[in-house]
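First comes the structure, then the notes that go with it.
No value in this document is a laboratory result; all are computed from the given coordinates. On a predicted model such as this, the values are computed, not experimentally measured, just so you know. Because the Cβ atoms are built from the backbone with ideal geometry, glycine has one as well, and the counts that use them run over all protein chains shown.
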Amino acid sequence: MSVVVENLTAAYRPGRPVLREVGLQVDTGEWLGLLGPNGAGKSTLLKAIAGLVSHNGAVAFDGVDSASLPARVRARMVAFVPQEPTMPPGMTVTEYVLLGRTPHLSYLGSETPRDLAAARSALELLDLRGLAGRDVAGLSGGERRRTALARGLAQEAGILLLDEPTGALDIGQGQNALEMIGSVRRERPVTMITAMHDLALAGQFPDRLLLLADGRTVAEGPASAVLTVDYIRDFYQAAVEIVEVNGGVAVVPLRQGTR
Amino acid sequence: MTTGPPSGLEAVRLRWGWMGAALGLLAASALAGIVIGPAGLDPRQVIGELVGGGQTSLSETHRAILWEIRLPRVVLGGLVGGLLSLAGASYQGIFRNPLADPYLLGVAAGGGLGATAVIALIPSADPRLLPLAAFAGALAAVVLTYAVGRSMGGRSAVSLILAGVAVAAFFTALQTFLLQRNADTIRQVYSWILGQLSTTGWGEVAILVPYAAVCGTALVLHRRLLDVMSVGDEEADSLGVSSARVRGAVVVFATLATAAAVSVSGLIAFVGLVVPHTVRLVVGVSYRSLVPISAVTGAAFLILADLAARTAASPAELPIGVVTAFIGAPFFMAVLRTTRRYVA
C-alpha cells in the first residue's frame, strides 16, 4: 500500500505549527526512515498520517483520501505503534496483541478463531509464543517493544507506522528490534515509516531516509545523501564522522574538546 | 494440554466458572435474605414455594411475608447492588481510574440533588419521575467532575477523585439548601439520604427493572471496548475506536444506572468500589469478565449488607448506607494505599 502526503501542516496550538507543508511519498513495500532532532515533528507526522492529530493538507493511501475513510476502515490500512505504548498491568501478552484485531470487529462484536490466528501468527513472527500468557507489566524493555509491534502486526494493515522502535533499548536490543522489523518485511508486503533516533542504525535498515527539522523536510533520499557531516552539523549541532557499512552508512559522534 | 494462564480465545471471553460461582453466591444470599428475619421462614418451604409456585406447606402469614415483604426487598437490594457495581466497574474502566466509584465521583450526590429537587419542590410528582430527575443531576455531576479533574492536570487518579469530592460537596450543599427551604419534606429526604431499602411491596422494583435491563445490557455489551480503552484514548483511536464516543456511551449508561439506583434507595456508598476491586483480584483485569461478574456479585453483596442492616441492631434497622460505608471506607483506604503510584 502506498502513502502520499502533501502540504501537511499541523499545530497543537494555533500559530505554533509543529509541521509545515511536509510532503512525502512511500511506495508499496518500501521502508522510509524519519530522522530529525528532538522536537522536529517526527512523532506528529506519524500521528497525522495515522489520523490521530488534526491537520491541513492531504494524506492518501493507495490514492484514497484518508480523511474520507471511517476510523475503523483507516485502522485496517494503517497500524500505529507509539513510542511508549500503554500496557495495562494484569493484561496478558495474548490479550494485548488481540487488541490489534479491534478494527476488524464490529462495535459490539467479539473475536473469532480467525482473529486468534492473526494474533498467534504475529506472536510467532516476533518469537513471542513463549510469553503468550505473561503479564505485560512484567516484560523487559525489548519484550515490550516486540509485544507492541506484534499488536501492530495483528492489525494486518498494509502500512505500519513505528515511532522510535529502538527507543529505550540497549545496543543489542535495538539492533535486534530492527532485524525483527526487517524480517517482518520479508514475510509480509508491508509499507513502513519509522521515526528513528539512533543514527548508527538508521543508515543501515530503511530503504530511504527523510530528515525533518523544525517541522520542515530538509533532506530526503538514500542514507548516503541524508546522513552527511554537513546536515548533521546543521540540524543536530553535532560533529560526526560518517562510516560506510553494509551498503549503508553509520554516524559516529566525534569528541571536540581536548582529552 | 496447556498449563499456566490461558493464551487462546478463552483469555478474552467471559470466565463462566467464576460467573457460575457469583450466581451461586447470589442465590445463597437471596435465600438468606428471604428466610432470616423477625419471623424465620423454613428454607425448604421457601424454595418449594418459589420453584413450585403455590402448592406448598407455608402458612398464609408466612406466604404473605415471603411475597410482600422479604422477596421484594431482596430483589430490590439485588438490583440496586448490581447497578451500583456495574456502574463502578464501568467508571473504573472508562476513566482508567481504580478509584472511580459512583459515590466518589459525585454522581450519587448529583443524583441525590436531582431527586431531592423533585421531592421538595413538586411533592405531588409521580415517583417514576425520580430516576429521570436523578439522572439529570447525576449526569451534570459526572461531566463537571471529569472536566474539573482534567483541568487539574490530567493523568493522576487522585485529581479526578478530588474533583469528585468538590463536586459532591457543592451538590450536597445545594441539596441541604433545598431542604432548609422546604422543611416539611426534610424527614422524608433525610431517611432517603442515609440509604434505605425499606419498600412498600413491588413498587420500587417495578420502577427499577426497565433501567436495570437497559443499562445492564448496554454496559455488558461495551465490556470489550472497555478493554480497548485501557490502552488510552490515542491508541484506542488508532485501533479505529472513537474513544470519545465510547466514553460518552459508557458514562451515560453508568450514570443512568447510578441515578436509577439512587432514586429508589438513596446514597449507598462504596458498593461500586468494593465489589469490582474484589472481583478483579479473583477474575483478573479484563472487563469482559469484570463487568458482568461485578454486577452479579454486587447484587449478592447488597442483599447481605441489607441483611446485616436489618438484623445487627434488631428490632431497630440500621440504614444500609451505614453498613456499606462501614465496610467500604476502610476498604477505600486500603485501595488508596495500593494506588499510591498513581498519585504522583
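Counting Lys and Arg as +1 and Asp and Glu as -1, each charge on the Cβ, what is the dipole of segment B:64-343 about the Cα centre in debye, to the nearest 20?
460
What average number of partner chain Cβ atoms lie no more than 10 Å from the Cβ of the residues making up A:106-114?
That works out to 4 on average.
With Kirkwood's inverse mean 1/r over C-alpha pairs for Rh, give me the Rg to Rh ratio of segment A:34-120, two decimals please.
In segment A:34-120, Rg relative to Rh is 1.02.
How far apart, in nanometres, would the label points at A:E84 and B:R187 be if each is projected 7 angstrom from Cα along the Cα-to-Cβ direction?
Going by the 7 Å Cα→Cβ label model, 5.9 nm.
Which of B:V274, A:V73, B:V80 comes first, and how do the rest follow, when ranked by fewest Cβ neighbours within 10 Å?
The fewest-first ordering by Cβ neighbours comes to A:V73, B:V274, B:V80.
With unit charges on the beta carbons (Lys and Arg positive, Asp and Glu negative) and the dipole taken about the Cα centre of segment A:125-259, which residue among A:G257, A:G247, A:G221 sits farthest to the positive side?
It is A:G247.
When Lys and Arg each count +1 and Asp and Glu each count -1, what net charge do the other residues less than 14 Å away from B:A64, Cβ to Cβ, add up to?
After counting each charged neighbour, the total is 0.
On a C-alpha basis, how far is the centre of segment B:212-257 from the centre of segment A:192-233 in Å? Whole number, if you could?
Centre-to-centre distance over Cα atoms comes out at 41 Å.
Under a Cβ-only charge scheme (Lys and Arg +1, Asp and Glu -1), can you give me the dipole magnitude of the protein assembly as shown about the Cα centre, in debye to the nearest 20?
Magnitude of the dipole: close to 960 debye.
What Rg and what Dmax come out for the protein assembly as shown when only alpha-carbon atoms are used, in angstroms?
29.0, 103
Quick check on the exposure proxy: order B:W18, B:W202 from fewest to most C-beta atoms within 10 angstrom.
B:W202, B:W18
Helix-only estimate, please: 222 nm mean residue ellipticity of the protein assembly as shown, summing -39500 (n - 2.57) across DSSP H runs of length 4 or more and dividing by its residues, to the nearest 500.
After summing the helix terms and dividing by residue count, I get -17000 deg cm²/dmol.
Computed from the mean reciprocal separation of all distinct C-alpha pairs, what Kirkwood hydrodynamic radius does chain A have, in Å?
Averaging 1/r across every pair of different Cα atoms and inverting gives 19.0 Å.
How far is the Cα center of segment A:119-151 from the Cα center of segment B:268-344, in Å?
Rounded to whole Å, the Cα centres lie 35 Å apart.
Please identify the longest segment of chain B free of exposed trypsin sites (Lys or Arg not before Pro), where exposed means a DSSP state other than H, G, I, E or B and no more than 16 other Cβ atoms within 10 Å.
B:156-344
Based on alpha-carbon centroids, what's the gap between segment A:31-110 and segment A:1-25 in Å, whole number please?
Measuring centre to centre over Cα atoms gives 16 Å.
Please give the FRET efficiency for B:A32 paired with A:E187, using the beta carbon to beta carbon distance and R0 = 35 Å, rounded to the nearest 0.05.
Once rounded, the FRET efficiency stands at 0.05.
If neighbour count is taken as other Cβ atoms inside 10 Å, put A:K47, A:K42 in order from fewest to most.
A:K47, A:K42
Averaging over every viewing direction, what projected area does the convex hull of the Cα atoms of chain B cover, in nm²?
With the hull built on Cα positions only, its mean projection is 19.6 nm².
Taking only complete DSSP H runs, can you tell me which helices of chain B stretch 30 Å or more along their own long axis by Cα positions and average at least 1.0 on the Kyte-Doolittle scale?
Length and hydropathy pass: B:71-94, B:130-151, B:157-181, B:243-265, B:287-311.
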